[in-house]
Amino acid sequence: MNYEAFFSDQLDGLRREGRYRVFADIERRAGGFPRATHHRAGGREEVTVWCSNDYLGMGQHPAVLAAMHEALDSCGAGAGGTRNISGTNHHHVVLERELADLHGKPAALLFSSGYVSNWASLSTLASRLPGCVVLSDAFNHASMIEGIRHSQAPRQIFAHNDPADLDRRLAALDPAAPKLVAFESVYSMDGDIAPIAEICEVAERHGAMTYLDEVHAVGLYGPRGGGIAEREGLSDRLTVIEGTLAKGFGVIGGYIAASNALCDFVRSFSSGFIFTTSLPPAVAAGATASIRHLKASGAERALHQDRVAAVRRGLDAVGVPHLANPSHIVPVIVGDPRLSKWISDQLLDRYGIYVQPINYPTVARGTERLRITPSPLHSDADIAHLVASLSAIWSELSLRRAA
């Protein structure tokens, strides 16, 4: 087999479909977010980032940076091993306590990323509970899907955010069988929010565990940043709450929060936890500082929601269509991969605005989009420039279609 030819043919197929991914080479500026330097063949230019998952700009917060500098100076760069073999630094222990407290759970367990925490936890729980059946929301993230698939447990896909379909499926299962309902709070591409209370009611009625991914909600919602479940007073009804340190908290890492026994079970049996080098102490220290700040301060969350509303009002005023939802994610649906890439390129090249196009398989074919994520640090002038730029491009598209 000509392996190189195969690889090239597959990549050419992505290019023909308009799905080949091009990474923007940007350099974030501490203290200057959402400004960044864009490195390209013709040199460098300043751009405004409108698609970052550092939703609150905590990746540059002085308290976070100070904590990381202090830990780096005192502990060095790396953790030195897996959690079991010399890699449990005191900063990890403190961070896990903070996370347990954030979600009102007895314990928490750290992972190297949110992807790994979902994959490792779901695969471990579903594979080691005898006869466990997993019920997974149709729109769940790839990390959840892969973890469930890797477990080889029987699984059913229930209709997105549909407690009635979940109820029907659970009712048809053996009442004595272990069951795990896996879903998200804020769905990252459409920005819709799960009916958590209704799903919990259905799960409780059928004796099922619940596993809630709060990756796109922690830090952003709730009086202390504990996510949608905290905002709605539902944390105690969820078996497992999973989150990330890489979005609202602005650093890197993932975790679960649950009972002592469940966290210890995953710690003791999950290969994705056991055989992975632990997070650098400086990262753990920065995450702890971010969590503590957002537990005490609601200013970032309030301004964040204000900026989201301002962007939506601006897009409505100029007729740029965006998907309505109750969250902070503003999806501008384009519906064509090549056109999404063209609009993204126009924004970057002509207007100094960076918004990455989102294509299949991240979203379904025909729903390709620009995913705009306002932050508390985007100014009124930034918003006006974004809206005017998109309006000009949409007008240009209308003229091209008319011709």
**Message:** Could you compute Rg(Cα) / (2.2 N^0.38 Å) for the stretch 176-307, with N its residue count?
**Reply:** 1.11
**Prompt:** Rounded to a whole number, what is D in µm²/s for the stretch 94-198 from Stokes-Einstein with the Kirkwood radius over alpha-carbon pairs (10 °C, 1.306 mPa s)?
**Reply:** 107 µm²/s
**Item:** Principal axis box of the stretch 41-100, alpha-carbon based, largest edge first, Å
**Value:** 47, 28, 20
**Request:** Hey, for a label at Ala384 modelled as a point 7 Å past Cα toward Cβ, could you say which residues of the stretch 333-357 have their backbone N under 18 Å away?
**Result:** 351-353
**Mean Cβ neighbour count within 10 Å, used as a protection proxy, ranking 40-46, 269-275, 54-60 highest first** = 54-60, 269-275, 40-46
**Prompt:** Which value, in debye to the nearest 20, describes the size of the charge dipole of the stretch 29-73 about its Cα centre when Lys and Arg Cβ atoms bear +1, Asp and Glu Cβ atoms bear -1, and nothing else is charged?
**Reply:** 240 debye
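For an R0 of 30 angstrom, estimate the FRET efficiency from the Cβ-Cβ distance between Phe6 and Phe275 and round to the nearest 0.05. Don't skip to the end; give the middle numbers.
On the way: r = 31 Å, r/R0 = 1.03.
Once the sixth-power term is evaluated, E becomes 0.45.
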**Message:** Rounded to the nearest 20 debye, what is the charge dipole size of the stretch 7-100 about its Cα centre when +1 sits on each Lys and Arg Cβ and -1 on each Asp and Glu Cβ?
**Reply:** 220 debye
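Order the peptides 64-73, 354-363 from the highest to the lowest mean number of other Cβ atoms within 10 Å of their residues.
Working: 64-73: 16.9, 354-363: 19.2.
Highest mean packing first, the order is 354-363, 64-73.
Considering only DSSP beta bridges whose two residues both sit in the chain, what percent are antiparallel, to the nearest 5? Please report the intermediate quantities before stating the final value.
Numbers: 26 of 44 bridges.
Antiparallel bridges make up about 60 percent of those DSSP assigns within the chain.
So, for the chain, what is the accessible surface per residue at a probe of 1.4 Å, expressed in square angstrom?
Details: 17170 Å² over 403 residues.
Spelled out: the 1.4 Å probe surface of the chain, per residue, equals 43 Å².
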**Item:** Reciprocal mean inverse distance between Cα atoms of the chain - Kirkwood radius, Å
**Value:** 22.4 Å
**Message:** I'd like the FRET efficiency for Leu65 and Glu198, computed as 1/(1 + (r/R0)^6) with the beta carbon distance as r and R0 of 45 Å, rounded to 0.05.
**Reply:** 0.65
**Message:** Using protein chains only and a probe of 1.4 angstrom, how many square angstrom of Ser86 are accessible, to the nearest 10?
**Reply:** 90 Å²
**Request:** Find the eigenvalues of the gyration tensor of the Cα atoms of the stretch 305-363, then list the square roots of 5 times those eigenvalues as equivalent ellipsoid semi-axes, largest first, in whole angstrom.
**Result:** 20, 15, 11
**Request:** Compute the long axis of helix 196-205 from its Cα atoms, compare it with the longest principal axis of the Cα atoms of the chain, and write down the angle in degrees, 0 to 90, nearest 10.
**Result:** 30 degrees
**Complete:** With all protein chains in place and a 1.4 Å probe, Lys179 shows an accessible area in Å² (nearest 10) of 10 Å²
**Prompt:** Hey, which lysines would be in cross-link range of Lys247, C-alpha to C-alpha under 22 Å, not counting anything within fewer than 8 residues on its own chain?
**Reply:** Lys105, Lys295
**Item:** At R0 = 60 Å, FRET efficiency that the Cβ-Cβ distance of Leu339 and Val93 yields, to 0.05
**Value:** 0.75
**Asked** So what's the angle, to the nearest 10 degrees on a 0 to 90 scale, between helix 142-151 and the longest Cα principal axis of the chain?
**Response** 30 degrees
**Fill in**
When the charge dipole of the chain is computed with +1 on Lys and Arg Cβ and -1 on Asp and Glu Cβ about the Cα centre, the Cα farthest towards its positive end, among Ser143, Ser389, Leu102, belongs to Ser389
**Request:** Ignoring everything but the protein chains, give the 1.4 Å probe accessible area of His38 in square angstrom, nearest 10.
**Result:** 10 Å²
**Prompt:** What is the spin-label model distance, in nm, from Glu27 to Arg205 if the labels are put 7 Å beyond Cα along the C-beta direction?
**Reply:** 5.8 nm
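Could you tell me whether the stretch 1-127 comes out rounded, prolate or oblate from its Cα gyration tensor? Rule is a ≥ b ≥ c as square roots of the eigenvalues, rounded for a/c under 1.5, then prolate if a/b exceeds b/c, otherwise oblate. Please list the in-between numbers first.
Values: a/c = 2.13, a/b = 1.32, b/c = 1.61.
Oblate.
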**Asked** So how do Val93, Val311 rank on accessible area, 1.4 Å probe, biggest first, that is with the largest at the start?
**Response** Val93, Val311
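For the stretch 278-332, which semi-axes, largest first and in whole Å, follow from the square roots of 5 times the eigenvalues of its Cα gyration tensor?
Working: eigenvalues 219, 39, 12 Å².
Equivalent-ellipsoid dimensions as semi-axes: 33, 14, 8 Å.
Counting other Cβ atoms within 10 Å, which trypsin sites (Lys or Arg not before Pro) in the stretch 203-238 have at most 11 and lie in a DSSP loop?
Working: sites: Arg205, Arg224, Arg231, Arg237; in loops: Arg224.
The qualifying sites: there are none.
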**Asked** Distance in nm between label sites at His39 and Asn260, each 7 Å beyond Cα in the beta-carbon direction?
**Response** 4.9 nm
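The values are calculated or read from the model by the stated rules, or taken from the named source; none is laboratory data. All figures in this text were calculated on a predicted structure; none of them were measured in a lab. Methodologically, a virtual Cβ is constructed for each residue, glycine included, from the backbone with ideal geometry; neighbour enumeration extends over all protein chains shown. For accessibility, only protein heavy atoms count, side chains too; no ligands or nucleic acids. Shrake-Rupley method; radii C 1.70, N 1.55, O 1.52, S 1.80 Å.
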